Amino acid sequence: MRFITGVEFFVVEALRNVRRSWLMSFVAIGIVTVSLFIFGLFLLLVVNLGNTVAEVGSRLDLIAYTDRNLTDQDAGVLQSRISQITGVTKVSYISREEAWKNFREDFSQKLDLAEVTRNNPLPNSFAIEVRTPELLPAVAQSVARFPEIDEVRYSGKLMSQMETLISAVRIGGAVLIFLLFFATLLIVVNTIRLTVLARETDIYIMRLVGATNSFIRWPFVIEGILIGVFGSVLGILILKTSNDAVTFRIQSALPFLPIVRDSNILNIIYVMVLLSGILLGMLGGYISVSRLLKEKG
């Protein structure tokens, strides 16, 4: 019962502090909202980029071109040898006749192939599926060692560029988020600091009658937590509304893009934003009052 009464007292005092310095509290909440909204956008960007790389990587096939004069028997033996390479999950043999037939079906309406060539210019090939995109370079090197293989092609350069982009976004975003969090923390600290200074006499009297530092500190810590919660909730609402609207438009215009719509992943991001707001507010409240207690100690 005493614990509940103490918590109630701290919360009431924190709300009273927010009301006393409502203008600065409003500014602090606004800054927290903007900072956490940008933080949430950064998380969504990284998650969607990672999902895009995974989706593209899962569709990458390694194509190995072989001698045009390769017999079906030799192709079967080579297919078996390729399938034994570590990381290879599936090997499909595509004869030059089958490849030419598919090519003509795809382009006969757009191009008169008879005017271009009468002979089949395509080689035999193997379409090789790999377990993970990271194994593509190693598998390509292993396949290229077979004497029957003339050329190996895969989109490894594209994957490398996309992974480099994600790394750059992560590093740049982390630096930006750190600076935003630091600036926001300073604003929260200064906001609560004004309340602390306004109650400096009260704090001094409380210490004279035996109040502990923890008892004095908790209302200001809770004040910071309230500012963080209000700011993070507003940031989440803006983030969710914006994400739903943008996702709907992108899916309508570009349905093939693998935009993350999994509610579990999105909820994790929203929870991270909320926890970040609480942490910012808690640190701001603790630092602001600890300075005064240390100075008056």
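Exactly one of (1) at pLDDT 70 or above; (2) part of a loop (DSSP other than H, G, I, E, B); (3) surrounded by fewer than 17 Cβ atoms within 10 Å (Cβ to Cβ) is unmet by Arg118. Its number?
Unmet for Arg118, out of (1) at pLDDT 70 or above; (2) part of a loop (DSSP other than H, G, I, E, B); (3) surrounded by fewer than 17 Cβ atoms within 10 Å (Cβ to Cβ): (1).
Of all residues in the stretch 128-147, count the ones that are part of a loop (DSSP other than H, G, I, E, B) and either crowded, with 17+ Cβ neighbours inside 10 Å or not assigned by TED's automatic domain parsing to the domain that holds Ile82 (or both).
Here is the first cut: in the stretch 128-147, the residues part of a loop (DSSP other than H, G, I, E, B) are 131-132, 145-147.
Now restrict to residues that are either crowded, with 17+ Cβ neighbours inside 10 Å or not assigned by TED's automatic domain parsing to the domain that holds Ile82 (or both): none.
Summing the residues that are part of a loop (DSSP other than H, G, I, E, B) and either crowded, with 17+ Cβ neighbours inside 10 Å or not assigned by TED's automatic domain parsing to the domain that holds Ile82 (or both) in the stretch 128-147 gives 0.
Residues to consider are Arg207, Arg193, Arg217, Arg249; find the one that is among the basic types (Lys, Arg), touching a residue at least 24 places away in the same chain (Cβ under 8 Å) and over 21 Å from Trp22 (Cα atoms). Spell out the reasoning first.
Working: Arg193 fails: over 21 Å from Trp22 (Cα atoms); Arg217 fails: over 21 Å from Trp22 (Cα atoms); Arg249 fails: touching a residue at least 24 places away in the same chain (Cβ under 8 Å).
Only one candidate qualifies: Arg207.
Mind checking whether some residue in the stretch 221-231 is in contact (Cβ under 8 Å) with a residue 24 or more places away in the chain and among the acidic types (Asp, Glu)? If you could, list the steps in order and put the result at the bottom.
Going residue by residue through the stretch 221-231, those that are in contact (Cβ under 8 Å) with a residue 24 or more places away in the chain are 221-231.
Adding the requirement that they be among the acidic types (Asp, Glu) leaves 223.
Scanning the stretch 221-231, I find at least one residue that is in contact (Cβ under 8 Å) with a residue 24 or more places away in the chain and among the acidic types (Asp, Glu), so the answer is yes.
Among Ile238, Ile216, Ile225, Ile278, which is the only one that is at pLDDT below 80 and either over 16 Å from the mean Cα position of the chain (by Cα) or of a type in the set (S, T, N, Q) (or both)?
Working: Ile238 fails: at pLDDT below 80; Ile225 fails: at pLDDT below 80; Ile278 fails: at pLDDT below 80.
After ruling out the rest, the residue left standing is Ile216.
Just one of the numbered conditions (1) of a type outside the set (Phe, Trp, Tyr); (2) modelled with pLDDT of 75 or more; (3) not assigned by TED's automatic domain parsing to the domain that holds Thr241 is not true of Val47; which one?
Exception for Val47: condition (3).
So in the stretch 58-99, with the set limited to residues that are closer than 25 Å to Leu135 by Cβ and basic (Lys, Arg), which one is modelled with the lowest pLDDT?
Arg59
Modelled with pLDDT of 80 or more and over 28 Å from Thr52 (Cβ atoms): does that describe Phe126? It would help to see each step written out before you state the result.
Numbers: modelled with pLDDT of 80 or more: yes; over 28 Å from Thr52 (Cβ atoms): no.
So Phe126 does not fit the description; no.
The values are calculated or read from the model by the stated rules, or taken from the named source; none is laboratory data. What you see is a predicted model; the values in this text were computed from it and never measured. Heads up, the Cβs are rebuilt from the backbone with ideal geometry, glycines too, and the neighbour counts pull from every protein chain shown.
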